[in-house]
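Report on the structure given below.
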């Protein structure tokens, strides 16, 4: 349902989907296909929390459609002239010249090739820009020129509840399909971070604190109960934790490991990215990284080498293994993992299940892993 506010519609209660399903939805209905009888496609408007990968959707689509050109329109900073401008046509027969509107080259009409067009921050755009982009969304037209029929078009903006000016006007309700992207779960972020090689301390921090780090602000009645997240009532909270912020933090910690920045600088940049309260907690994980057993120790003596007493260190060790594991020591890891706390084992296994985890095949075909799943099948029945 939607809630009317003046002449706008607040984006509350829309369909809520994970990012992967939204990518599939846009791929299915974002272009002129048989599902539309050869007419225009349906333009999805993705709304979601800051830092959770709405813009990344365009690159997910590019992997599915590698022959499409990627077009990202920074709608909030566009003027009408950034979409189309008048152009004078001088007929070859010498008759009176006349004017037309010519599309900006950013739309790729001149290429004669399909595009994936993201109208980013659409709901914050100027009214004149919105009017022009609505023609792109509704009719697949820009300056009276037709886009390639295989072009995929969608828009993205923040949630209305974040108080950043993202409101859907009444007449836009029929021009877009508003779909809310839910916040990522900690397992999804860990799997993504492991695939990308994030620092073990960041993955460990997320594994233990992720339920709080990725909590939706609408679930928090008092913003002071969760100092790590964005909350519209926390006006003095200059920064907050998000998957995007986690990726940047990982880079900073690697810089520190390589001696490029010292500990003082690390604390400053982490606080700038995720706020001071979160930085202080995160630093305990960073400082703990040196207390874990090495990979060689686990390989040589999985049933006898040291197991950290601290559950935070165990989470860090397990999530780092997701990123570095190789086929030749999966058996040893399963023997070692059996000595970790139950909640650590559960998180590790849940992160190996998604098809998108790059090393999934190493586990699903391993006898010890399959036995663990059989013995702990309660984990998959919820």
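The values are calculated or read from the model by the stated rules, or taken from the named source; none is laboratory data. Predicted, not measured: the structure shown is a model, and the values here were computed from it. All Cβ positions, glycine included, derive from the backbone under ideal geometry; neighbour counts span all protein chains shown.
The residues of the range 108-125 that are within 18 Å of residue 85 (Cα to Cα) and surrounded by 22 or more Cβ atoms within 10 Å (Cβ to Cβ), listed by number, are 108, 125. Against the conditions (1) within 21 Å of residue 133 (Cα to Cα); (2) at pLDDT below 80, residue 14 satisfies every one except (1). A residue that is farther than 20 Å from residue 112 by Cα, in contact (Cβ under 8 Å) with a residue 12 or more places away in the chain, in the same structural domain as residue 18 (by TED's automatic domain parsing) and surrounded by 13 or more Cβ atoms within 10 Å (Cβ to Cβ) can be found somewhere in the range 66-74. Assessment of the range 167-181 against the conditions (over 25 Å from residue 353 (Cα atoms), in contact with a helix residue (DSSP H, G or I) (Cβ under 7 Å, 6 or more places away or on another chain) and at pLDDT 90 or above) yields at least one matching residue.
Could you check how many residues of the range 361-372 are within 22 Å of residue 188 (Cβ to Cβ) and buried (at least 16 other Cβ atoms within 10 Å of the Cβ)?
Residues meeting the conditions: 4.
The residue that is nearest to residue 351 (Cα to Cα), counting only those in the range 278-325 that are exposed (fewer than 15 other Cβ atoms within 10 Å of the Cβ) and within 29 Å of the chain's Cα centre (by Cα), is 324. Only residues that are surrounded by 17 or more Cβ atoms within 10 Å (Cβ to Cβ) and either outside any helix (DSSP H, G or I) or within 27 Å of the chain's Cα centre (by Cα) (or both): list them for the range 326-349, please. Answer for the range 326-349, where residues must be surrounded by 17 or more Cβ atoms within 10 Å (Cβ to Cβ) and either outside any helix (DSSP H, G or I) or within 27 Å of the chain's Cα centre (by Cα) (or both): 340, 344, 345, 347, 348, 349.
I'd like to know if the range 22-43 contains one or more residues that are within 21 Å of residue 193 (Cα to Cα), modelled with pLDDT of 90 or more and either assigned by TED's automatic domain parsing to the domain that holds residue 143 or out of contact with any helix residue (DSSP H, G or I) (no Cβ under 7 Å at 6 or more places or on another chain) (or both). The answer is yes, given that some residue of the range 22-43 is within 21 Å of residue 193 (Cα to Cα), modelled with pLDDT of 90 or more and either assigned by TED's automatic domain parsing to the domain that holds residue 143 or out of contact with any helix residue (DSSP H, G or I) (no Cβ under 7 Å at 6 or more places or on another chain) (or both).
Given the criteria within 30 Å of residue 62 (Cβ to Cβ) and in the same structural domain as residue 74 (by TED's automatic domain parsing), does residue 108 qualify? The answer is yes for residue 108.
Among the criteria (1) at positive phi; (2) more than 23 Å from the chain's Cα centre (by Cα), the one residue 275 does not fulfil is (2). Among residues of the range 284-303 that are at negative phi, those with a Cβ under 7 angstrom from a residue that is outside any helix (DSSP H, G or I), sequence gap 6+ or separate chain, pair up as 288/310; 291/308; 292/308; 293/305; 293/306; 297/305; 298/305.
Evaluating residue 227 against the criteria (1) over 17 Å from residue 53 (Cβ atoms); (2) touching a strand residue (DSSP E or B) at 6+ places or on another chain (Cβ under 6 Å) leaves one unmet condition, (2).
Counting only residues that are in contact (Cβ under 8 Å) with a residue 24 or more places away in the chain and assigned to a loop (DSSP other than H, G, I, E, B), which one in the range 203-228 is farthest from residue 287 (Cα to Cα)?
Across the range 203-228, the extreme among qualifying residues is 216.
Annotation for the range 165-173: at least one member residue is assigned to a strand (DSSP E or B) and either in contact (Cβ under 8 Å) with a residue 60 or more places away in the chain or over 30 Å from residue 206 (Cβ atoms) (or both).
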